[in-house]
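Report on the structure given below.
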Amino acid sequence: MSKMVWMNGQLVPVEQASLGVFDHGLLYGDGVFEGLRQYQGRVFRLSDHLRRLYNSAKAIRLDIPLARQDISTAISATLQANKLTDCYIRLLVTRGVGALGISPATCSRPSIIIITNDIKMYPEETYRNGMAIITASTPRIAAAALSPQIKSLNYLNNIMAKWEAIDAGVPEAVMLNHLGFVCECTADNIFIVRDGQLLTPAEESGILLGITRGVVLELARAAGIPARETNLTRYDLYTADECFLTGTGAEVVPVTSVDKRSIGNGQVGPVTRQLTLAFHHYARHDEKA
Ligand code: PMP
């Protein structure tokens, strides 16, 4: 049976799920999305993801033509139709079909699409031994130009940094803001551990406030690990005891080298291990939302 995609109120086989070429989601990246994860039949932090989606949409003046409860029902129907219990979910809202010009005012009705997919984690070995990353020369778009909280369909800023990672032969690149402070990787947030303290860039650095990032901060505080959101420089990364990334797809993934400087002793550190396990357990067993 082919995979079913939910599109504007209907479940259709993936081969038949198509979008008009005049959709401004395609023409201009005009739209918003969320990446969610289902664990053992439950969608992780669904209400947080829906809040972020509706806020992204509100910020770009996109009226999602469906209530949150109805989107949640549509997600359940898509998961059921595909007989899934553990998967990745991509929820998109495009501006819809309009005239060829940029004006969003010509678009009559947004399109809502729900796609399910296999979970794309890093290889098992990466979670055991960590990975190398680089800092990208492409700066993160300034928050004053386009808020990083808007998860828009235009990821070109991040894609430019991803090319740098690919060219350097590493899986990820960390982007800095226009002042040179550390922001985030191309689709993950970043943390370091220094002298037993957990540090991560603050909202003011111009980052997406990742849902995984928020959960990791909660879990750290609950475990008595002091955690602080602050400005970080490249020097802070190079001299950190530990470093890891967080994201819906990746969960918690250790970083053991940045720009060829090994982090700590070059091995996955104890705080990273503790938080990886805590997150893994929380997502699969404890989470209630
Ligand atoms: N930063 C960016 C730019 C992202 O695209 C993502 C993934 N959506 C994240 C961070 C991590 O956010 P989350 O934990 O909510 O998946």
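The values are calculated or read from the model by the stated rules, or taken from the named source; none is laboratory data. Quick caveat, the model's predicted, so the values are computed rather than measured. Cβ coordinates were reconstructed from backbone atoms using ideal geometry, including for glycine residues, and neighbour counts include every protein chain displayed.
Taking (1) under 13 Å from I133 (Cα atoms); (2) more than 12 Å from the ligand (Cβ to nearest atom) in turn, C185 satisfies each apart from (2). The set of residues in the range 21-73 being closer than 19 Å to T248 by Cβ, among the aliphatic types (A, V, I, L, M) and more than 18 Å from the chain's Cα centre (by Cα) consists of I71 alone.
In this structure, does G249 turn out to be at positive phi and not charged (D, E, K, R)?
Numbers: at positive phi: no; not charged (D, E, K, R): yes.
No, not satisfied.
Within the range 220-238, is even one residue within 15 Å of the ligand (Cβ to nearest atom), in a loop (DSSP other than H, G, I, E, B) and not hydrophobic (A, V, I, L, M, F, W, C)? Checking the range 220-238: not a single residue is within 15 Å of the ligand (Cβ to nearest atom), in a loop (DSSP other than H, G, I, E, B) and not hydrophobic (A, V, I, L, M, F, W, C). Quick test of your reading of the structure: G214 fulfils all but one of (1) in contact (Cβ under 8 Å) with a residue 60 or more places away in the chain; (2) buried (at least 20 other Cβ atoms within 10 Å of the Cβ). Name the failing condition by number. For G214, the exception is condition (2).
Just one of T126, T85, T106 is within 30 Å of P270 (Cβ to Cβ) and surrounded by fewer than 19 Cβ atoms within 10 Å (Cβ to Cβ); which is it? Step through it out loud before you land on a result.
Numbers: T85 fails: within 30 Å of P270 (Cβ to Cβ); T106 fails: within 30 Å of P270 (Cβ to Cβ).
Just one listed residue meets the conditions, T126.
Can you tell me which residue within the range 266-289, out of those that are under 12 Å from A240 (Cβ atoms) and either of a type outside the set (G, A, S) or within 22 Å of the chain's Cα centre (by Cα) (or both), is surrounded by the most Cβ atoms within 10 Å (Cβ to Cβ)? Among them, the one singled out is T272. Condition check for G101 on (1) surrounded by 14 or more Cβ atoms within 10 Å (Cβ to Cβ); (2) under 24 Å from N157 (Cα atoms): one failure, at (1). Taking the numbered list (1) farther than 25 Å from K120 by Cβ; (2) touching a residue at least 60 places away in the same chain (Cβ under 8 Å); (3) within 15 Å of the ligand (Cβ to nearest atom) in turn, E203 passes all entries but (2). Taking residues in the range 157-174 that are touching a residue at least 60 places away in the same chain (Cβ under 8 Å), and partners anywhere that are of a type in the set (V, I, T), the pairs with Cβ atoms closer than 7 Å and at least 6 places apart or on different chains are E172/I133; E172/T186; V174/I133; V174/T135; V174/V182; V174/I190.
Does T256 meet the test of being touching a residue at least 40 places away in the same chain (Cβ under 8 Å), among the β-branched types (V, I, T) and surrounded by fewer than 19 Cβ atoms within 10 Å (Cβ to Cβ)? Walk me through how you get there before you give the answer.
Details: touching a residue at least 40 places away in the same chain (Cβ under 8 Å): yes; among the β-branched types (V, I, T): yes; surrounded by fewer than 19 Cβ atoms within 10 Å (Cβ to Cβ): no.
Considered against the rule, which asks whether it is touching a residue at least 40 places away in the same chain (Cβ under 8 Å), among the β-branched types (V, I, T) and surrounded by fewer than 19 Cβ atoms within 10 Å (Cβ to Cβ), T256 comes out as no.
Test E242 against the stated conditions and say whether it is of a type outside the set (A, V, I, L, M, F, W, C), within 16 Å of the ligand (Cβ to nearest atom) and either under 29 Å from E287 (Cβ atoms) or without any contact (Cβ under 8 Å) to a residue 60 or more places away in the chain (or both). Working first, answer last.
Values: of a type outside the set (A, V, I, L, M, F, W, C): yes; within 16 Å of the ligand (Cβ to nearest atom): no; either under 29 Å from E287 (Cβ atoms) or without any contact (Cβ under 8 Å) to a residue 60 or more places away in the chain (or both): yes.
So E242 does not fit the description; no.
Of the strands (runs of 3 or more DSSP E) lying entirely inside the range 1-58, those containing at least 2 residues that are aromatic (F, W, Y) are 31-39. The test for being free of Cβ contacts under 8 Å to residues at least 40 places away in the same chain, assigned to a helix (DSSP H, G or I) and not assigned by TED's automatic domain parsing to the domain that holds C243 does not hold for A77.
Can you pull out every residue in the range 29-50 that is more than 16 Å from the ligand (Cβ to nearest atom) and surrounded by fewer than 18 Cβ atoms within 10 Å (Cβ to Cβ)? Can you show your working first?
First, the residues of the range 29-50 that are more than 16 Å from the ligand (Cβ to nearest atom): 30, 40-42.
Scanning the range 29-50 gives Q40, G41, R42.
Here I207 does not qualify as within 18 Å of L237 (Cβ to Cβ), at pLDDT 95 or above, touching a strand residue (DSSP E or B) at 6+ places or on another chain (Cβ under 6 Å) and part of a strand (DSSP E or B).
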